[in-house]
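A short write-up of the structure that comes next.
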Amino acid sequence: MLNKAFIPYKGYYCTPFSRWQGSLANENSIVLGANTAARWFKEKGWDPKMIEYLIVGITIGQHHIFYASPWAAAMMGADHIPGVTISQACTTSTTCLYNAAVGIETGMYELPFVLATDRCSNGPHTVWPNPMGPGGEVDSENWMMDNFNLDPWGGTAMIQTAENVAKEAGITREECDELTLRRYEQYKMSLENDREFQKRYMFPAEVKVSKKKTLLVEEDEGIYPTTAEGLAALKPVIPGGVHTFGSQTHPADGNCGVLVTTREKAKELSADPSIEIQIVSYGYARTKKAHMAMAVVPAVKMALDNAGISINDAKVIKTHNPFAVNDLYMCKQFGIDWKNINNYGSSIIFGHPQGPTAGRCIIEGIEEIVMLGGGYFVWGGCAAGDTAGAMVIKVS
């Protein structure tokens with residue numbers, strides 16, 4: 001359990017998510033993330049030099065990723081600070097926030113900044129020398145699709161891990177479609193009243209189209225309108241399976257930023273000092289081979305146990321749900337109604353840039369629980385390699 005780590009109210013933002021090969025497809029995600037953070041700090045009237053340490057979360061290689069954190073810090077206007085780069089697939093943001101919180105807890109620093117960014121579009125293609133191979137032909141890897149399609153330990157594609165869980169838990173195609181439609185309806189809640197909910201936290205990404213022209217990306221791109229009839233008409237991705245392209249997430253591009261600090265500093269920086277946002281606990285887990293969706297349950301249990309609460313104490317629950325089975329399985333295990341979690345959106349609808357995905361979910365959860373007058377917020381999500389992360393946050 002953590003006692004000293006807090007997030008200032010409105011001390012965070014997330015850009016819109018753009019479906020891959022969209023408006024953000026040609027931007028180096030490190031540069032875009034740093035430039036977005038610099039613009040955000042300027043709008044807040046804060047000097048980036050107040051930051052003591054930068055934690056960059058990124059999972060997909062970009063040019064100069066070797067220098068990711070110190071380079072990003074310098075581009076943000078904080079060239080005096082060091083930092084670290086963390087990659088943990090889909091739970092990257094959570095692990096970054098936890099590392100920042102531990103730094104506060106131990107007194108290592110007072111004001112670190114978490115910058116999570118990724119670009120699934122135009123992913124890198126890595127080539128390695130292979131002088132002992134037939135004719136010396138090179139070995140190669142497509143960062144995105146090769147890893148989506150094969151876990152080297154699990155021996156199968158990510159979607160197959162979801163199908164394995166569905167088969168073991170007795171989850172049907174009809175349940176997956178029903179959940180997907182509900183998640184789309186919840187996402188539409190965030191668009192009501194001229195996107196009132198999204199505007200509570202969303203900050204536009206600025207793309208340089210040419211030397212004289214820039215483009216502001218102010219809304220999510222590539223959200224598919226979803227109906228029960230449309231979902232029912234789709235074929236399973238794997239013959240005989242329960243998931244279609246409608247009931248799984250899509251790769252995307254985007255970034256987010258979060259300040260983590262002490263209680264005193266959070267009050268000083270908060271848009272409303274009467275609102276207190278505390279990072280209470282963290283959880284992690286790894287489940288059996290090729291059953292990725294199952295890992296969320298023990299990770300959330302660990303976070304709950306570390307916080308000293310039960311799932312029924314949570315007023316808001318958000319998840320990273322790359323496949324519909326994730327939420328169906330988790331809610332069945334905890335005995336809760338899947339219709340009542342993930343209000344205002346989740347990754348199955350708005351997409352999955354990996355690095356910032358959990359960050360956006362956490363930011364949305366904070367905003368939702370502030371609207372409800374405070375309480376406990378639980379986040380959980382799976383990650384590559386049959387792993388998962390979770391976090392409990394308390395808003396007072």
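Rounded to the nearest 20, the Cβ-based charge dipole of region 267-396 about its Cα centre (Lys and Arg +1, Asp and Glu -1) stands at 480 debye. The alpha-carbon positions of region 151-280 define a convex hull whose volume is 241 Å³ per residue.
Just to be sure I follow: if Rg is taken over the C-alpha atoms of region 1-67 and Rh is the Kirkwood radius over the same atoms, what is Rg/Rh? A ratio of 1.00. Note on region 92-180: with charges restricted to the Cβ of Lys and Arg (+1) and Asp and Glu (-1), its dipole about the Cα centre is near 220 debye.
Computed log10 I(q)/I(0) for region 289-396 at 0.15, 0.24 Å⁻¹: -0.55, -1.50, from the Debye equation with unit scatterers placed on every C-alpha and solvent omitted.
Projecting the Cα positions of W46, I223, S69 onto the charge dipole of the chain (unit charges on Cβ atoms of Lys, Arg, Asp and Glu, taken about the Cα centre) puts W46 furthest along the positive direction.
Karplus-derived 3J(HN,Hα) values for region 205-212, using 6.51 cos²θ - 1.76 cosθ + 1.60 with θ = phi - 60°, are 8, 10, 10, 8, 7, 7, 4, 10 Hz; glycine and proline are entered as x. Please name which of G135, I60, I366 has its Cα lying farthest along the dipole of the chain towards the positive end, using unit charges on Cβ (Lys, Arg +1; Asp, Glu -1) and the Cα centre as origin. Working it through, the farthest residue towards the positive pole turns out to be I366. Computed about its Cα centre, the charge dipole of the chain is approximately 380 debye, with only Lys, Arg, Asp and Glu carrying charge at their Cβ. Once amide H atoms are built 1.01 Å from N in the peptide plane, which residues 5 or more positions from E276, or in another chain, come under 5 Å H to H? Counting only residues 5 or more places away or on other chains, the set is S396.
Annotation: region 98-172 has a Kirkwood hydrodynamic radius of 16.9 angstrom, from the mean reciprocal C-alpha pair distance. Listed by number, the DSSP H helices of the chain that run 15 Å or longer by alpha-carbon position along their axis and have mean Kyte hydropathy of at least -0.5 are 29-44, 92-106, 158-169, 296-307, 324-334, 357-371.
Remark: H291, H80 ranked as H80, H291, counting other beta-carbon atoms within 10 Å and listing the fewest first.
Considering only A78, A252, L150, and ranking their Cα positions along the charge dipole of the chain that arises from unit charges at the beta-carbon of Lys, Arg, Asp and Glu, the one farthest toward the positive end is A78.
On the principal axes of its alpha carbon atoms, the chain extends 58, 56, 41 Å, with the longest extent given first.
In whole Å, how far is the Cα centre of region 53-94 from that of region 339-396? Their Cα centres are 22 Å away from one another. For region 255-337, the equivalent ellipsoid derived from the alpha-carbon gyration tensor has semi-axes of 30, 15, 13 Å in decreasing order.
With helices as the sole contributors, the chain gives -10000 deg cm²/dmol at 222 nm; each DSSP H run of n ≥ 4 counts as -39500 (n - 2.57), and the sum is divided by every residue. Measuring spread by the Cα atoms of region 164-239 yields a radius of gyration and Dmax of 18.0, 56 Å.
Ordered by the count of other Cβ atoms within 10 Å of each Cβ, fewest first, M145, M50, M330, M132 give M132, M145, M50, M330.
Laboratory data are not the source of any read-out in this text; all were calculated from the coordinates shown. Here the structure is a predicted model, which means the values were calculated and not measured. Neighbour counts run over all protein chains shown; Cβ positions are idealised from the backbone, glycine included.
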